[in-house]
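Undergrad: Would you mind keeping the following structure in view while I ask a few things?
The values are calculated or read from the model by the stated rules, or taken from the named source; none is laboratory data. Model, not experiment: these values are computed from the prediction. Don't worry about glycine lacking a Cβ; one is built from the backbone with ideal geometry, like all the others, and counts go over all protein chains shown. Surface accessibility is based on the protein's heavy atoms, side chains included, excluding ligands, DNA and RNA. Shrake-Rupley method; radii C 1.70, N 1.55, O 1.52, S 1.80 Å.
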Amino acid sequence: MNRQARIVIVGAGIAGIATAYHLVENQGMTDVTVIDERSPLTLTSDKGTGCFRNWWPGPDSTMVNLMNRSIELLEDLARKSDNVFGMNQRGYAFLTGRPAEAARMVAEAEEISGLGAGRLRHVESLADYRFSEPEGGGPFMDGADYIDNPGLIRQIFPDATSEAKAALHVRRCGCLTAKPMGLWMLERILARGARLMTATVAGFEVAQNQIRAIRLAAGERVGADVCIIAAGPHLRKIGNMLGLHLPLVNEKHGKITLSDSKKIIQGQLPLLIWNDPVYLAWNEQEKAALTDLEYQFLSQEFPAGVHARTRKSGEGQEILIIWTYDHHQQLDYSPPVFDKFYGEVLIRGLAHLIPAMKAYFGKGPEVWVDGGYYCKTPENRPLIGPTSIDGCYVIGALSGYGVMASQAAGELISLHLAGKELPKYAEMFYLSRYESKEYQNLISKLGQKAGQL
C-alpha cells in the first residue's frame, strides 16, 4: 500500500512531537505524518527527570541562547495548556563542601552570566534572597544566587548537609513532566489533521539527491517531500539508512524513583546537585563483603554529581535520584541494563547531600529503576537542520537535555521549512558545521561532557 504526506517525521519522542507541533500550530503545515514503532514518548522521553535550565557554559552563548528561547516556549505551552505538565521554576542548586570547588563554581557562574543567562548575585542574608514558588512559574527569575555562608545555606536548603560551604542557586531552571506535555501537543496536532502511524522504518527512497519516500517494514511506502529524522538513540541507525554518517554515540543514563514514605523531605525541593566526589558509607559487615572482586568498586571514590528532585505522587511525594558514575557508551541502541547495585549506590550517594536519606539505606533493591541513552555528538551539542540530502532534516543528539531543548529545536526545524528568518544560533547546529575549521577550533575547547551535570 502506498500513502502520501508532504512531511514525514521519523520518531514520536519529545523532539519529533515538538517539531510536528510547531509545523502544524505555528506554521499551518497540517499535512504531517509522524511514524514510530512504539507508542509516543515511551523510549527515552519519559525516562528523564524533566528538568530544564538556561545555565550552560561557553565558550560562546550558543547553548544559552537556544535554552532561553526554549524556556520561553515552554512557558507559553504552560499557559496555553493550563500547565497540564506541572512546570515549575524552583531552580537548580549546586552545593559543595570544598573551597576549591566553590571558587570554580563562582568563576564558571561569572562566565555563564556573561553569556546571557542572567545576573550573578552574592547573597549575604535572607533579605537578599527570594524563595521560589513550589508550583507554577512564579515570578520571573533568572541569573543565579551565590551563598557562601553555611548557616544561611541551611536556612534556605534545610534538607541539605551541614557540610555544604557554598551553594549556587540557578534560577531560570525547574522541572516538568514530559509525557503529559508531549501528549497535549500530540492531541492538538491530531485534531488539526496531522497523523500518527505505528510502524517500523525499513529504508528510504532518494532520487537525484531528493527524498522521495519512506519504506516501512510491513511493505508499505509513504511518499514524502520532506523527511525529518527525530529518532532519538536510533538516530545513527536511521542516518545510516540514508547514507548519512552522523558523528554520534549513545551514553547510558538512569534514574531511580523512591517513594518518600518516611517523609524525610518536607516541601518541594529544587534540583539539588552535590558537586563533590564521595565515598559510600557502609557498616562493618557490609565492608567485609566488599572484599569480593565483584563488589570492590563500591568501596572506591565515586565522582561528583549525584542529584535529585522531588515530585508529587498521590498524597505524598517521590524522590528522583540521578547519578551517572558509569559512562558506558555504544554506537547503536539496545535496551539499557543497570547493575543490581544501582539503586543502593544512588541512595547512599545522595545521603552525602541529604543526610536524612540514611533512613532508606538497604532499600536499593526495592526502588524503581529506569533510564535510557543520551544520544551525543563529540561536543555534546545537538544536530538541528538540513542534511546533504534535499528535503531531509535532522533533529537529535539532544543528549540529556531533550525535554528542555525540544521546543526551540522543533521551532527551528519549522522555521527552516517555512522559509522564515532563522535565529543567529541556527547554523551552529547544522551537520555541515563539522566541515568548518573555525568550528573545529571551537569544539576543541569542549567535550562530550560539556554542559552535562
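Undergrad: Here's a check for you: in region 248-280, which residue that is of a type in the set (Gly, Ala, Ser) and at pLDDT below 95 is surrounded by the fewest Cβ atoms within 10 Å (Cβ to Cβ)?
TA: Gly267
Undergrad: What are the residues in region 307-328 that are in a strand (DSSP E or B) and of a type in the set (D, E, K, R), if any?
TA: Our first condition is that a residue be in a strand (DSSP E or B); within region 307-328, this holds for 307-313, 316-322.
Residues satisfying the conditions are Arg309, Arg311, Lys312, Glu318.
Undergrad: Can we say Gly193 is under 26 Å from the mean Cα position of the chain (by Cα), in contact (Cβ under 8 Å) with a residue 24 or more places away in the chain and at positive phi?
TA: Numbers: under 26 Å from the mean Cα position of the chain (by Cα): no; in contact (Cβ under 8 Å) with a residue 24 or more places away in the chain: yes; at positive phi: yes.
Taking the combined requirement at face value, the residue does not satisfy it.
Undergrad: Taking the residues in region 329-367 that are open to solvent by 60 Å² or more (accessible area, probe 1.4 Å), assigned to a helix (DSSP H, G or I) and under 24 Å from Gln296 (Cβ atoms) as candidates, determine which candidate is modelled with the lowest pLDDT.
TA: Pro365
Undergrad: Do the conditions hold for Ser313, that is, is it of a type in the set (Ser, Thr, Tyr), out of contact with any His (no Cβ under 6 Å at 6 or more places or on another chain) and touching a residue at least 12 places away in the same chain (Cβ under 8 Å)?
TA: Details: of a type in the set (Ser, Thr, Tyr): yes; out of contact with any His (no Cβ under 6 Å at 6 or more places or on another chain): yes; touching a residue at least 12 places away in the same chain (Cβ under 8 Å): yes.
Yes.
Undergrad: Enumerate the strands (runs of 3 or more DSSP E) found wholly within region 1-55, keeping only those where 3 or more residues are more than 30 Å from Phe94 (Cα to Cα). Steps first, answer last, please.
TA: Working: elements: 2-10, 32-36, 51-53.
The strands (runs of 3 or more DSSP E) meeting that bar are 2-10, 32-36.
Undergrad: What are the residues in region 76-101 that are assigned to a helix (DSSP H, G or I) and either open to solvent by less than 10 Å² (accessible area, probe 1.4 Å) or within 25 Å of Leu41 (Cα to Cα) (or both), if any? Steps first, please.
TA: Taking region 76-101 as the starting set, the residues that turn out to be assigned to a helix (DSSP H, G or I) are 76-80, 99-101.
Hits for region 76-101 are Asp76, Leu77, Ala78, Arg79, Lys80.
Undergrad: OK, next. Identify all residues within region 48-74 that are surrounded by fewer than 18 Cβ atoms within 10 Å (Cβ to Cβ) and charged (D, E, K, R); write none if there are none.
TA: Selection gives Asp60, Glu72.
Undergrad: Turning to a different aspect of this structure: What single numbered condition from (1) open to solvent by 70 Å² or more (accessible area, probe 1.4 Å); (2) free of Cβ contacts under 8 Å to residues at least 40 places away in the same chain; (3) under 23 Å from Ser125 (Cβ atoms) fails to hold for Lys165?
TA: The single condition Lys165 does not satisfy is (2).
Undergrad: For the list (1) more than 22 Å from Glu75 (Cβ to Cβ); (2) hydrophobic (A, V, I, L, M, F, W, C); (3) touching a Cys at 6+ places or on another chain (Cβ under 8 Å), I need the number of the one condition that Val106 fails.
TA: (3)
Undergrad: Something else about it: Please verify whether Met181 is in contact (Cβ under 8 Å) with a residue 24 or more places away in the chain, more than 30 Å from Asn240 (Cβ to Cβ) and not in a strand (DSSP E or B), treating the condition exactly as stated. Let's see the steps before the verdict.
TA: Values: in contact (Cβ under 8 Å) with a residue 24 or more places away in the chain: yes; more than 30 Å from Asn240 (Cβ to Cβ): yes; not in a strand (DSSP E or B): yes.
It is true that Met181 is in contact (Cβ under 8 Å) with a residue 24 or more places away in the chain, more than 30 Å from Asn240 (Cβ to Cβ) and not in a strand (DSSP E or B).
Undergrad: Pick out the one residue from Asn283, Asn275 that is within 19 Å of Thr49 (Cβ to Cβ) and either more than 24 Å from the chain's Cα centre (by Cα) or in contact (Cβ under 8 Å) with a residue 60 or more places away in the chain (or both). Give the steps one after another, and end with the answer.
TA: Details: Asn283 fails: within 19 Å of Thr49 (Cβ to Cβ).
From the options Asn283, Asn275, the qualifying one is Asn275.
Undergrad: Being assigned to a helix (DSSP H, G or I) and over 24 Å from Glu435 (Cβ atoms) is the filter here, so list the residues in region 371-407 that pass it. Write out each step before concluding.
TA: Filtering region 371-407 for residues assigned to a helix (DSSP H, G or I) gives 399-407.
Gly400, Tyr401, Gly402, Val403, Met404, Ser406, Gln407 - these are the residues of region 371-407 that are assigned to a helix (DSSP H, G or I) and over 24 Å from Glu435 (Cβ atoms).
Undergrad: Inside region 281-298, can you point out the residues that are of a type outside the set (Phe, Trp, Tyr) and surrounded by 15 or more Cβ atoms within 10 Å (Cβ to Cβ)? Before you say what the answer is, go through the steps one by one.
TA: Looking only at region 281-298, we keep the residues that are of a type outside the set (Phe, Trp, Tyr), and these are 281, 283-294, 296, 298.
Those that are of a type outside the set (Phe, Trp, Tyr) and surrounded by 15 or more Cβ atoms within 10 Å (Cβ to Cβ): Glu286, Leu290, Leu298.
Undergrad: Sort out which residues of region 133-162 are of a type in the set (D, E, K, R), open to solvent by less than 70 Å² (accessible area, probe 1.4 Å) and within 24 Å of the chain's Cα centre (by Cα), and write them in order of number. Outline the logic, then answer.
TA: If we filter region 133-162 for residues that are of a type in the set (D, E, K, R), which is where we start, we get 133, 135, 142, 145, 148, 154, 159.
When the remaining residues are screened for being open to solvent by less than 70 Å² (accessible area, probe 1.4 Å), the result is 142, 145, 159.
Scanning region 133-162 gives Asp142, Asp145.
Undergrad: Right, another one. Consider Arg130 against the criteria (1) surrounded by fewer than 21 Cβ atoms within 10 Å (Cβ to Cβ); (2) modelled with pLDDT of 95 or more: it satisfies all of them except one. Which criterion is unmet?
TA: (2)
Undergrad: Ok, one more. Output the number of the condition that Gly116 fails; it satisfies all remaining conditions of (1) in contact (Cβ under 8 Å) with a residue 40 or more places away in the chain; (2) touching an Asp or Glu at 6+ places or on another chain (Cβ under 9 Å); (3) open to solvent by 30 Å² or more (accessible area, probe 1.4 Å).
TA: Looking at each condition in turn, Gly116 falls short on (2).
Undergrad: Further, regarding this structure: Consider Phe140 against the criteria (1) within 25 Å of Ser313 (Cα to Cα); (2) at pLDDT below 95: it satisfies all of them except one. Which criterion is unmet?
TA: If we test Phe140 against (1) within 25 Å of Ser313 (Cα to Cα); (2) at pLDDT below 95, just (1) comes out false.
Undergrad: Then there is this: Would you confirm whether or not region 240-247 contains a residue that is open to solvent by less than 20 Å² (accessible area, probe 1.4 Å), at pLDDT below 95 and not acidic (Asp, Glu)?
TA: No, there is no match, as no residue in region 240-247 is open to solvent by less than 20 Å² (accessible area, probe 1.4 Å), at pLDDT below 95 and not acidic (Asp, Glu).
Undergrad: In region 11-46, what count of residues is obtained for those that are more than 20 Å from the chain's Cα centre (by Cα), among the acidic types (Asp, Glu) and surrounded by fewer than 24 Cβ atoms within 10 Å (Cβ to Cβ)?
TA: 3
Undergrad: Exactly one of these conditions fails for Pro378: (1) in contact with a helix residue (DSSP H, G or I) (Cβ under 9 Å, 6 or more places away or on another chain); (2) buried (at least 21 other Cβ atoms within 10 Å of the Cβ). Give me its number.
TA: Here Pro378 clears every test but (2).
Undergrad: Could you run through region 380-432 and say how many residues are hydroxyl-bearing (Ser, Thr, Tyr) and under 20 Å from Gly182 (Cβ atoms)? Full working, then the answer.
TA: In the first step, residues of region 380-432 are kept if they are hydroxyl-bearing (Ser, Thr, Tyr); the result is 387-388, 393, 399, 401, 406, 414, 425, 430, 432.
Among the residues that remain, those that are also under 20 Å from Gly182 (Cβ atoms) are: 393, 399, 401, 406, 414.
Result for region 380-432: 5.
Undergrad: Moving on to the next point. Residue by residue through region 423-439, note down the ones that are open to solvent by 50 Å² or more (accessible area, probe 1.4 Å), touching a Lys or Arg at 6+ places or on another chain (Cβ under 9 Å) and of a type outside the set (Asp, Glu).
TA: Selection gives nothing.
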